[in-house]
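To start, the structure itself, in structure tokens.
The values are calculated or read from the model by the stated rules, or taken from the named source; none is laboratory data. Since the structure is predicted, the reported quantities are computational estimates derived from the model, not experimental observations. Positions of Cβ are backbone-derived with ideal geometry, glycine not excepted, and every protein chain shown enters the neighbour counts.
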Amino acid sequence: MIKRLGLDKYSALYLWAFFVVLFGILRPHTFLTRTSIKTVLVENVIVGVLAIAFLIPLATGTYDLSIGTTMTMSLVITSSIAKHTSIPQTLGMLIALVACGLAGFVSGFVVVKLRVNSFIATLGMSQIITAFVYYTSEQTISGVLKKPYQRLGTRLLFGLPLFLYYLLIIAVIAWFVLEHTPVGRYMFATGGNPEAARLAGVKTDRLIWGSLVASGIIAGFAGTVYSWKVGTYGPNVGPGYLFPAIAAVFFGASQLKGRPNIWGAMIALFALASGIKGLQLTFSGTSRWVEPLFTGLSLLGAVSLASRQSVIKIPRRKVAPPATPADTPSSARTAAT
């Protein structure tokens, strides 16, 4: 019955429909409105970009937990260049993206050359980036980004800001590379069984290293979107987006293909965002607890679902089989007789 209804591959779509029906009944005049739908789309672009940044190295079996702080680093570099120099702000944005790519390069070096587990390596890198961010500026920076620069992302097209279309472009490119090129197939082969992929001639180390560089650049672009959208730098901006992005990737990994995939992550992201929006409208006035609670529960549920479907590999303790008479030493059998 579950397979016939597609619950194993399309549960996020069912959940999304459930939220639409539930909150459409509870809050018909606020939830099912053009403004509410636009808010859900616009407010989750940054999370969507970070989800793609996390998903790309995950395809190779690598975790990048530094994407939140990398986003912050991009934002602080762009804002600091705008505040302290006369360099064009678009060029400052590109410098920030290069810096984020270099951070990913260093993470790749630690993972590939020093053989440090990616979970530990990128977690350590996130702390180094945090130190850089605080050293550069511990104060909030506002009012330094000019309107022409911000209009690169906030200009409207068909009633929606351009940065929403940028997310779509990044998603399409990542989907095409992962699903329709040899590079993508090699990345999933590396994530599935790196030793077998290496013996088959796949350059696994190069793919892991490159995926972390790509992750750093895309995470940096999330900071660029924030600079367009908000225009203000704060030292603790990025990490708050990390867990929603991870929840979307892990939930999406159980959708459509049964492994990490772009469109599954996007469906999961906006399904969960719709649930959060409905709860915020239902508990208006006391809704600050809604998003962290819902995100935490979603992350736990997504990881549990993904691990049960072997999307996440969790080593299990091997239990030795019970001894049989054939395994008993001959001396012990003699003594027993």
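Observations on the model:
- Subset tally (residues that are assigned to a loop (DSSP other than H, G, I, E, B), of a type in the set (A, V, I, L, M) and at pLDDT 90 or above) for the stretch 135-161: 1
- Filter result for residue 127 (part of a helix (DSSP H, G or I) and either loosely packed, with under 12 Cβ neighbours inside 10 Å or among the polar types (S, T, N, Q) (or both)): yes
- Residue among 70, 62 that alone is farther than 17 Å from residue 239 by Cβ, touching a residue at least 60 places away in the same chain (Cβ under 8 Å) and among the β-branched types (Val, Ile, Thr): 62
- All told, residue 261 falls short of being of a type outside the set (Asp, Glu), surrounded by fewer than 22 Cβ atoms within 10 Å (Cβ to Cβ) and either farther than 19 Å from residue 108 by Cβ or without any contact (Cβ under 8 Å) to a residue 40 or more places away in the chain (or both).
- Out of 74, 86, one residue alone is of a type in the set (S, T, N, Q) and either under 12 Å from the mean Cα position of the chain (by Cα) or not in a helix (DSSP H, G or I) (or both). It is 86.
- Complete set of residues in the stretch 162-184 that are among the aromatic types (Phe, Trp, Tyr) and either surrounded by 17 or more Cβ atoms within 10 Å (Cβ to Cβ) or within 27 Å of residue 204 (Cα to Cα) (or both): 163, 166, 175, 176
- Condition met for residue 230 (under 30 Å from residue 93 (Cα atoms) and without any contact (Cβ under 8 Å) to a residue 12 or more places away in the chain): yes
- The sole residue among 233, 226 that is crowded, with 24+ Cβ neighbours inside 10 Å, among the aromatic types (Phe, Trp, Tyr) and at pLDDT below 85 is 233.
- On inspection, residue 83 passes the criterion of being of a type outside the set (Ser, Thr, Tyr), over 22 Å from residue 46 (Cα atoms) and surrounded by 13 or more Cβ atoms within 10 Å (Cβ to Cβ).
- Among the conditions (1) in contact (Cβ under 8 Å) with a residue 60 or more places away in the chain; (2) surrounded by fewer than 24 Cβ atoms within 10 Å (Cβ to Cβ); (3) among the small types (Gly, Ala, Ser), residue 92 misses just one, which is (1).
- Top-ranked residue of the stretch 102-111 - restricted to ones that are in contact (Cβ under 8 Å) with a residue 24 or more places away in the chain and surrounded by fewer than 20 Cβ atoms within 10 Å (Cβ to Cβ), ranked as farthest from residue 208 (Cα to Cα): 102
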